[in-house]
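Read-outs throughout are calculated quantities, based only on the coordinates presented, and are distinct from any laboratory measurement. Source: prediction; values computed, not measured. Here the Cβ positions follow ideal geometry from the backbone for every residue, glycine too, while neighbour counts run over all protein chains shown.
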Amino acid sequence: MQKLLSAVVFTAMLAPGVALAGAGAGGGAPGGDPMDRLAEQLGLSDDQKSEIEGIIQEQREKQMELQQQTQEDINNVLTADQRDQLEEMQRQRQEQMRKRMEQMQKEQGGGGTPPPQ
């Protein structure tokens, strides 16, 4: 049960960022801005592009609010010890994700010395 709860909370906390991470302005996805590629492929006007970016931003905000409310609702069910344990689990997962992202950036960016041959 605790593993399931942890997985649900973790997914709820990360899903919005993952789902829209590359969409819209400032997406930061490798290979350029996905919104620019979408605009080019669909032949979007500047007005259409701006409207779509606004929709994406609005959805991000709604998802963040939902994420916060979900976390509050779950915290209200847990005991203080369980909340502390959950927070520690989330910190550990965030650290693991940070390390994976750093590793991916090194691999993509070629930062560092090339592997020996």
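From the phi of every residue in region 67-84, what ³J(HN,Hα) in whole Hz does the Karplus formula 6.51 cos²θ - 1.76 cosθ + 1.60 yield, where θ is phi - 60° and glycine or proline is x?
4, 5, 5, 4, 4, 4, 4, 5, 4, 5, 8, 7, 6, 4, 5, 5, 4, 4
For D81 and D33 in one chain, what is 0.36 nm times their gap in residues minus the Cα-Cα distance, to one decimal in nm?
Gain on extension, D81 to D33, equals 13.0 nm.
Nearest 0.05, what FRET efficiency do Q108 and L66 give at R0 = 30 Å with Cβ-Cβ as r? Don't skip to the end; give the middle numbers.
Details: r = 31 Å, r/R0 = 1.05.
Taking R0 as 30 Å, the efficiency between Q108 and L66 is 0.45.
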